[in-house]
Amino acid sequence: MINKVSNYDKHPFIPVEGFEDDCWQGWEAIGEKLKKELHPVAGKKKVVAVESYIGVNQEEVLSALIRALRPVYTCLASDAYKCTAEIDKMVYPDVTDDRIFGYLSRLRINDFFDKSRLATIRNNIHNVEEEGVILLYGMGATLLAPADILVYADMPRWEGQLRFRRNEANNLGSENKNAETAIQYKRAYFVDWRVCDRLKKTLINKWDYVLDTVITQQPKMVSGEAVRAGLRQAVTQPFRVVPFFDPGPWGGQWMKEVCDLDRSVINYAWCFDCVPEENSLLLEFGDLRFEIPASNLVFYQPKELLGAPVHARFGDEFPIRFDFLDTMEGGNLSLQVHPLTEYIQEYFGMPYTQDESYYMLDAAEDACVYLGLKENTQPALMMQELRESEVTGHFDAEAYVEKWPVKKHDHILIPAGTVHCSGTNCMVLEVSATPYIFTFKLWDWGRMGLDGKPRPIYINHGESNIQWGRTASWTKENLLNRVEKIAEGEGWMEERTGLHENEFIETRRHWFTQPVLHNTGGIVNVINLVDGREAIVESPTGAFSPFIVHYAETFIVPAQVGAYRISPYGESEDKLCATLKAYVRTKA
């Protein structure tokens, strides 16, 4: 595949019909629409509330709307917040002093408000006598006064992270845009995003308009009903979220070619190809493509997307992650272990842990993975040498961890508690549960991060979670290529490839030269085309339009789709293709 011209789609979108007149582009057009909408509102005071997600550029949005609406009174929600010192004290138990880890916050936006300040602002709004627009802005703006028009300024988490890196965004209730990016990200992950999402869920059905300000000074606005219609449509068909790519200290060169990325970047380590918590969703209205967080779909249509059994177990959270780890011409990943379920619950407040697997999308001749421990490993000696490595800069990983050769299409299972990492010259499709930051690095091969600083090592956390009985013999029997043929027919074969019995994700691989019938069985399916140039996904009943996928692309089939068919297509027609499908096990 790497020798062919890339056909990987970096900007997949969902066309939404019937709302071509419900979108506006540019601040001038947006302002005119809002003014027109306000005109028939009864009463001399007209309240426009602009709720905002973390990362939105307040200055850009607020200055544009002030110019357009000429409000008689403007107020920021943050004017009613507690002082920064109080907020820092309030969030500290969740943020902690740790550089990477905290505790998932149970705070809500109400907790950020000072009762006295809030009462004063509410009274000021009530006492405005001048006829005209009252403009309320910020996270919690809807708590200040009932709104005649509610505008939601949304922001995908990935773009928010980029703004942290560029020192363009503050954390919730803070003026810290110049803080270290890792600290801002941690606070957003454990506090801000949780608080904003809890508020967002209560407002989705009330949105009059939604703002997309991902591209600076190129805003787009769509009616709330159009966005909701697009989300309702999304769960009736296969779709892709918008992938994003990031370099890393061990990153490789494979994705540059296969995914057609910027060749001048030093490397690409990660691709988040299907992580709805972080990815965007593009909805197309006429000739306008509108970007929103993919998590909105999970919040708004959880049962239709996930299926009743998965929703009952995970709520409005997407439990499966597909991402890429590229070490082709790169380095080894850090030697690591993920927390056991009881550990992640107790120490970090996560309900389930990061069980995972490595599917080898590609591999060079010398590719390998480090997985499980050597026979007769002495835990005390290994931990002693790991602790000494933080001073000496040396650890003989191969003296303690088993090294296994791997090839394309191997599937390596990695239940929590298993010491592991991908070696160099691997292209990994990682299939895992979604608590994606809970990695306890034990050894990072003596290197620095891209920022020139040592990457955090968590030997104490790791020691508490390593399953010492997972030695080479156990690993070989339980974790390496546990492939089992399930069924076959003319031109196709289905195999079970994992994950481990302790993990909640099931994976099935289909090899095919002819159409293969699938059925969600009322449970969301996540699929990657792991072999073949392209394939087509169709409804046997014509319930959705044919959907074309290309090599290495991940797509989601919502639970309510039911029956669907995948066939070789285009250059792959009548040639051997393969898909890897993941879904949540609901039966033992």
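Of all the residues in the stretch 91-114, those that are within 22 Å of LEU203 (Cβ to Cβ), open to solvent by 80 Å² or more (accessible area, probe 1.4 Å) and assigned to a helix (DSSP H, G or I) number 1.
Looking only at residues that are in contact with a strand residue (DSSP E or B) (Cβ under 6 Å, 6 or more places away or on another chain) and open to solvent by 10 Å² or more (accessible area, probe 1.4 Å) in the stretch 576-588, which one is farthest from GLN237 (Cα to Cα)? For the stretch 576-588, the residue satisfying everything is ARG585. What do you reckon, is VAL210 open to solvent by less than 10 Å² (accessible area, probe 1.4 Å) and over 27 Å from THR96 (Cα atoms)? So VAL210 fits the description; yes. In the stretch 559-575, the residue that is nearest to the chain's Cα centre (by Cα) out of those that are buried (at least 22 other Cβ atoms within 10 Å of the Cβ) and not in a strand (DSSP E or B) is ALA559.
Of all the listed residues (ALA399, ALA312), the sole one being within 30 Å of THR586 (Cα to Cα), surrounded by fewer than 19 Cβ atoms within 10 Å (Cβ to Cβ) and of a type in the set (A, V, I, L, M, F, W, C) is ALA312. Count of the stretch 140-172 residues, restricted to those that are of a type in the set (Gly, Ala, Ser), touching a strand residue (DSSP E or B) at 6+ places or on another chain (Cβ under 7 Å) and either closer than 28 Å to ARG455 by Cα or open to solvent by 20 Å² or more (accessible area, probe 1.4 Å) (or both), is 1. Pairing residues of the stretch 88-102 that are of a type in the set (Gly, Ala, Ser) with residues that are modelled with pLDDT of 95 or more, at Cβ distances under 6 Å and at least 6 apart in sequence or on separate chains, gives GLY102/ASP94; GLY102/VAL95; GLY102/THR96; GLY102/LYS186; GLY102/PHE190. Scanning the stretch 452-509 for residues that are β-branched (Val, Ile, Thr) and within 30 Å of GLN384 (Cα to Cα) returns ILE457, ILE459, ILE466, THR471, THR475.
Where strands (runs of 3 or more DSSP E) sit wholly within the stretch 236-317, those with at least 3 residues that are more than 21 Å from THR353 (Cα to Cα) and at pLDDT 95 or above occupy 244-246, 280-285, 288-293. Select from the stretch 344-381 the residues that are in contact (Cβ under 8 Å) with a residue 12 or more places away in the chain, farther than 21 Å from ASN478 by Cβ, open to solvent by 30 Å² or more (accessible area, probe 1.4 Å) and in a helix (DSSP H, G or I) and list them in ascending order. Within the stretch 344-381, just TYR347 meets the criteria.
The values are calculated or read from the model by the stated rules, or taken from the named source; none is laboratory data. Keep in mind it's a predicted model, so treat the numbers as computed, not measured. Neighbour counts are summed over all protein chains in view; Cβ atoms, including those assigned to glycine, are modelled from backbone coordinates with ideal geometry. In case anyone asks, the SASA skips ligands and DNA or RNA and just uses the protein heavy atoms, side chains included. Shrake-Rupley method; radii C 1.70, N 1.55, O 1.52, S 1.80 Å.
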